[in-house]
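Bear in mind these aren't lab numbers, they're just calculated from the coordinates by the rules spelled out. Predicted, not measured: the structure shown is a model, and the values here were computed from it. Neighbour counts are summed over all protein chains in view; Cβ atoms, including those assigned to glycine, are modelled from backbone coordinates with ideal geometry.
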Amino acid sequence: MRAYVPDVRILACIDFSPLSERVVAEASVLARAASAPLVLLAIDRTEPALASGGVAPPGGHRVPPEDTAAHRAELDRIAAAARASGLDVQVEHRLTHAEIPDAILHAATELIATHLVVGSHGHGKLHELVVGSVTQAVIRRARIPVVVVPAGA
């Protein structure tokens, strides 16, 4: 029997893509190995105008309320499955106006995470050069270890 390591806290960041299940599976392995709690984090990005009742600009990152409710339900389903396997699982679902890497890193600090698990969709070098990559930004700025689950593995 492994001893509980109180200073380890795994934060798994999901985006409800098919890769999310693999991110949670990898984070679960780490949490189980360290007898550590697992926090599942989902972040929906909204435009600032929506928070004050305004209208999102054309092409904005608006998250409709029904999508937010569906995301919360899906997050609860994923967490229930992880709990059923014997893990101590907590859920964080956040709406933010910030860029996603900023929101992830802020949550990691706030939740006192010791390890991050994120997915990499692997859009390609041109996409990353032009648009950037959430995963790359998190890796560059994180002050804790980051485990990256690749899309193609």
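Here are the numbers for this structure:
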quantity	calculated
Relative packing of peptides 25-35, 89-99 - highest average C-beta neighbours within 10 Å first	25-35, 89-99
Cα-projected label distance for SER17 with ILE144, points at 7 Å along beta-carbon direction, nm	2.2
Protection proxy ranking, peptides 108-121, 133-146, 73-86, average beta carbon neighbours within 10 Å, highest first	108-121, 133-146, 73-86
Computed E for ASP102/VAL8 - FRET, C-beta separation, R0 25 angstrom, nearest 0.05	0.55
